[in-house]
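**Student:** Here it is: the structure, laid out below.
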Amino acid sequence: MELTLIRSLMNKEFYDEHKGSKCPNRLFSKDVRKIKQSIDESMEKFNRTMTPDEIEAYFISTNPTLTTAQKENYAKLFKNIKSEKPMGNDVASDVLSRLFQQVVGEDIANLGFDYVNGMQSTLEPLRGILDKYGDDFTPNMNLDWHDASMDSVLSNLKLKYKWKFNIPTLAKRIPGVNAGHFAIVGARPNTGKTSFLASLIAAPNGFAHQGAKCVLLVNEETADRVLERYITSASGYTTDEQYKLTHPYVYDDYEKVKSLYSRVHGNIKIMETHDKQMPYVETVCKIEKPDVLIVDVGDKFASMQGFVRQDESLKANVIHARQIAKVYNCVVFYVSQLSTEAEGKVVLNQSMLEGSKTGKAAEADLILLLARNPHVQGQFEEDKQRHINIAKNKLTGWHGVLHCNLDYVTGRYYA
């Protein structure tokens, strides 16, 4: 391989790209190293591509003290070099880059042993290595650039809203979401977070009706309690009505509910994930490959290991969830509680997300914060009105408060 590299270095363009510390002489064996020195000298002197015969002639003329045996040995080397075909520039560059990194690694490793053995007392030798090789050390990596052509951009944007929202007031401002989007849904307890997502997925024209494969990872309520909302959202029947359906005289209605739910049942998978963390969520995505992923409640997947403050842990948790959306090409809905600051308020903002400073909000493409009207003393009827605060919107740019209603007995949001 080293003879092939020597043959490649005789090309002026390739040599200029890799000369100096990028291709130190120590990469080569003792005898080949001297030929490399002749290439360096001839390139500097003649400034053009050299043939193997020219390098051989230059080498012999500049080493007059060679013995007969040494001349014979170098004649064999040059014969082998002439029989070698130059490597392609891309392959040769990759090989030299790897060999160069090995050389730098050896220097640093040897210096490390000196530090361990007490033979070095300052960092100057290490700084010397960094100064010498820093500009020439190119990481061995492939850069995957995005297609910036206009046709590609417009083609990709056609799928910007693959999964449509089925709440009219929301759909008017944000038509829907697409693979790779990361959305946070937040609310105070007993506002209707789970019902909101059940409605988006299972109610008429929801994500599941559109063909989206929806995976629900729940760690607050039991799976059956959550699924109860999905059944009511899909069928439009209240919980009490469903219980009545077990009675023989309304058997036909039972079959109707079952039929309505079957339209979405095949696109919904649910799992209780108590005491699980975000790496487990990623594993599920890797196996199931969902179109829509619900993590309810998202903060409970966070780990405090390695963190001093809770907000740092939650930030890392949200970043991980965000990466899951991008890497596994799915929409992630991250459910979060809101702090007590949001209690009794209709107009909400992203600073009210529980337990986080800026970390959560910074990662989201979309933040939907749900609010209900403040309770009025003497009010006995359930207030069905809900308010969707679009606190962050990188999809369409519109921010504000939308109004709708929640039929709490069926779990459907409507406007």
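The values are calculated or read from the model by the stated rules, or taken from the named source; none is laboratory data. Keep in mind that what you see is a predicted model, and the values were worked out from it rather than measured. Ideal geometry is used to build each Cβ from the backbone, glycine not excepted, and the neighbour counts take in all protein chains shown.
**Student:** Of (1) in a helix (DSSP H, G or I); (2) polar (S, T, N, Q); (3) loosely packed, with under 14 Cβ neighbours inside 10 Å, Thr65 satisfies all except one. Which?
**Tutor:** Every condition holds for Thr65 apart from (1).
**Student:** Residues that are assigned to a strand (DSSP E or B), polar (S, T, N, Q) and surrounded by fewer than 18 Cβ atoms within 10 Å (Cβ to Cβ): does segment 373-392 have at least one? I'd like the intermediate steps shown before the answer.
**Tutor:** So the first thing to find is which residues in segment 373-392 are assigned to a strand (DSSP E or B), and the list is 385-392.
Still in the running and polar (S, T, N, Q): 385, 389.
Right, trim to surrounded by fewer than 18 Cβ atoms within 10 Å (Cβ to Cβ) and you get 385.
Yes: segment 373-392 contains one or more residues that are assigned to a strand (DSSP E or B), polar (S, T, N, Q) and surrounded by fewer than 18 Cβ atoms within 10 Å (Cβ to Cβ).
**Student:** Scan segment 236-256 and give yes if some residue there is modelled with pLDDT of 90 or more, among the hydroxyl-bearing types (Ser, Thr, Tyr) and closer than 30 Å to Asp275 by Cβ, otherwise no.
**Tutor:** Start the filter on segment 236-256 by keeping residues that are modelled with pLDDT of 90 or more, which leaves none.
Scanning segment 236-256 turns up no residue that is modelled with pLDDT of 90 or more, among the hydroxyl-bearing types (Ser, Thr, Tyr) and closer than 30 Å to Asp275 by Cβ.
**Student:** Only one of (1) modelled with pLDDT of 75 or more; (2) loosely packed, with under 15 Cβ neighbours inside 10 Å fails for Lys213. Which number is that?
**Tutor:** (2)
**Student:** Also: Suppose we filter segment 16-48 for residues that are at pLDDT 85 or above and aromatic (Phe, Trp, Tyr); how many remain?
**Tutor:** Number of matching residues: 1.
**Student:** Quick check on my filter: what residues within segment 274-301 are touching a Lys or Arg at 6+ places or on another chain (Cβ under 6 Å) and acidic (Asp, Glu)?
**Tutor:** To start, the set of residues in segment 274-301 that are touching a Lys or Arg at 6+ places or on another chain (Cβ under 6 Å) comprises 290-291.
Listed by number, the list holds a single entry, Asp291.
**Student:** Follow-up question, since we're still on this one. Which condition does Asn190 not pass, out of (1) farther than 21 Å from Lys269 by Cβ; (2) in contact (Cβ under 8 Å) with a residue 24 or more places away in the chain, if it passes all the others?
**Tutor:** (2)
**Student:** Wholly within segment 245-341, which strands (runs of 3 or more DSSP E) include no fewer than the required count, namely at least 3 residues that are surrounded by fewer than 17 Cβ atoms within 10 Å (Cβ to Cβ)? Walk me through it before giving the result.
**Tutor:** Details: elements: 268-272, 292-296, 331-337.
Result: 268-272.
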